[in-house]
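Here the structure is laid out as C-alpha cells; the discussion comes afterwards.
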Amino acid sequence: MTLGSVGQVSDEPRIVSLVPSITELLCDLGLAEQLVGRTGFCIHPWETVRTIPKVGGTKDVKMERVREVAPTHVVVNVDENLKEDAETLAEFVPNVVVTHPLEPRDNLALYRQMGEMFGREEEAEALCERFEAAYSRVEGGDELNVLYLIWRDPWMTVSSDTYISRTLALFGWHTVPVGAEERYPTVDLAECDVDRVLLSSEPFHFKEEHVAEVEALVPEAEVSLIDGEMTSWYGSRAIAGLDYLARFTA
C-alpha cells in the first residue's frame, strides 16, 4: 500500500526506511546503496547501516532530516510508526510505502513487494525460496499457553492479532490473554494462568535479573528469556527466526 503519488520508479530510488526489519530486508535485497535514511533502531546489518544517516526513531521521526536526504520512497509500518507521521511524510515524499505483515507467510508478499518496487525481483524470489524451506521444517510441538512480555512497569504483552502471536502459534504456543481488544494490552501477572512466560529482548530489554522477579509473580510457570528479533522481525530475519523458534520450542 502506498500513500502519495505513485509513478515509475526512478533508476536510482532514494529510500528512507523507518522499519528496522525492513531496513535489513532492503540490504539483503542489494539495496543498501539506495538507502539514504534509517532510524536509530535500524541496526542490522551493522557494518552496512552504520554509515546511513539517522532520521530519528520509529515513533519520533525528525521530518527536517527526512527532507534533507530527499527520499523518493519512505517505508513505514502500521505497528512500528505513527499514522500521523505517515500522513505528514506523504505531503513531501512521492511514495510512502505502508507495510503490515500479520503472519509469517506474509513475508512472501513483503519480499515480492520490495523486489518489484525496486527492481530486485530475482533476489526477492531467492528469499522466498529460503523462507519456504524454513517454513517446511516447522513442526507443531506441545500445545502451551504462554505469556509473551514486551514491557515492564506496566507489564505489557501481545494480543493474538499480532505477528508475534501468529508466529508462536505455528509451534503450538498460544499467547494470552485471548481476545484482547488492544494489540498490546497490560496484564496483571498475579492473575495469569500460563505454562510459560517469555521475556522478550525488545522493545524492553529483559535480562536475567528479571527472570527471578517474574518467577515470584507467576510461580507455576516456566520463565525464560527469548530473542525478540527472532519472533517479531519480519523480512529476511524471519527465515532465521523460524529455525530459532524450532530449537527454542523443542
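The values are calculated or read from the model by the stated rules, or taken from the named source; none is laboratory data. Remember, predicted model here, so these are calculated numbers, not experimental data. Cβ coordinates were reconstructed from backbone atoms using ideal geometry, including for glycine residues, and neighbour counts include every protein chain displayed.
Annotations
- Flag for residue 246 being touching a residue at least 24 places away in the same chain (Cβ under 8 Å), of a type outside the set (Lys, Arg), in a helix (DSSP H, G or I) and closer than 19 Å to residue 79 by Cβ: no
- Residue check, residue 136 under 17 Å from residue 107 (Cβ atoms) and small (Gly, Ala, Ser): yes
- A search for C-beta distances below 9 Å between a residue of segment 199-228 that is assigned to a strand (DSSP E or B) and any residue that is among the small types (Gly, Ala, Ser), counting only pairs 6+ apart in sequence or on different chains, returns 199/224; 200/228; 200/232; 223/212; 225/200; 225/201; 226/200; 226/201.
- Evaluation of residue 119 against (1) more than 17 Å from residue 247 (Cβ to Cβ); (2) assigned by TED's automatic domain parsing to the domain that holds residue 238; (3) at pLDDT 95 or above (one fails), failing number: (2)
- Any hit, segment 87-97, residues being of a type in the set (Gly, Ala, Ser), touching a helix residue (DSSP H, G or I) at 6+ places or on another chain (Cβ under 9 Å) and at pLDDT 95 or above: no
- Matching entry among 194, 158 (being in contact with a helix residue (DSSP H, G or I) (Cβ under 6 Å, 6 or more places away or on another chain), surrounded by 19 or more Cβ atoms within 10 Å (Cβ to Cβ) and assigned to a loop (DSSP other than H, G, I, E, B)): 158
- Single condition residue 91 does not satisfy, out of (1) surrounded by fewer than 18 Cβ atoms within 10 Å (Cβ to Cβ); (2) farther than 19 Å from residue 241 by Cα; (3) not assigned by TED's automatic domain parsing to the domain that holds residue 26: (3)
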